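Here the structure comes first, spelled out in structure tokens, and everything after it is commentary.
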Amino acid sequence: MDKQRIERLIKDYQEIRALEERLGKTIGFKARLIQDDRLNRYEIEVKIKTTIKNWKNNIQIMEVPICFDIDLPTDYPNKPPKCQFYKQNSCKLFHPHLASSIFSNGLTWQNPFYNPADGLAQYVLNLIKSLQYNPDFIDIQAKNGNKTAMEWYIQKRRQDPSCFPTDKSLLPPSPKTFRMKEQTKSINQKKFII
């Protein structure tokens, strides 16, 4: 593995830890490596307001805990992370950028906003903003995802744009807007398989 990829994965790890420190108390942001010795798989948990479908098939906006896994492919950052919302948490999520996955029991994030220059923390932050229906992070031209949810979103947005749970005060515009604690020492002492 090349040195540039290793440096990128370490930087992403540091930014995710800084994001956890910044957002842990406000939205319950928690991140953990799925395997402690690898920097390419994360489990993320947040508690935010988003849309769900209840057992009667009614759509509601409410605060819910959301868990998802992020896998970084071998050609990351040239290819976007793969993000899975698993069935125990995602069966009720209703969002234009979530699609049923034929390879798992959950939903796959269809991210129209991936930029290889952004770090993993920015990717996660954009995902959370989209789940909160921040209009800057909903692509109404998206080809993939939940078409029913997109039609619902467009109709609701026309009727009452203020009905969505977007809370811009809780989330920074970018992970770069807050200072990361120096974690290089602890990273250098730990051996990672990349």
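Please treat every number below as a calculation from the coordinates, not as lab data. Here the structure is a predicted model, which means the values were calculated and not measured. Glycine also receives a Cβ, built like all others from the backbone with ideal geometry; neighbour counts cover every protein chain displayed.
Brief remarks on what is shown
- Asp2 sits among other residues whose Cβ lies under 13 Å from its own Cβ, and their net charge, with Lys and Arg +1 and Asp and Glu -1, is +1.
- Cβ crowding within 10 Å averaged over residues, with 121-131, 144-154, 12-22 ranked highest first: 121-131, 12-22, 144-154
- Over 27 Å between alpha carbons, listed pairs Lys82/Lys129; Lys53/Lys156; Lys53/Lys79; Lys3/Lys129; Lys30/Lys56: Lys53/Lys79; Lys3/Lys129; Lys30/Lys56
- Within-14-Å neighbourhood charge of Ile140 [Cβ basis; K, R +1; D, E -1]: +2
- Cβ-defined net charge surrounding Glu151, 13 Å radius [Lys, Arg +1; Asp, Glu -1]: +4
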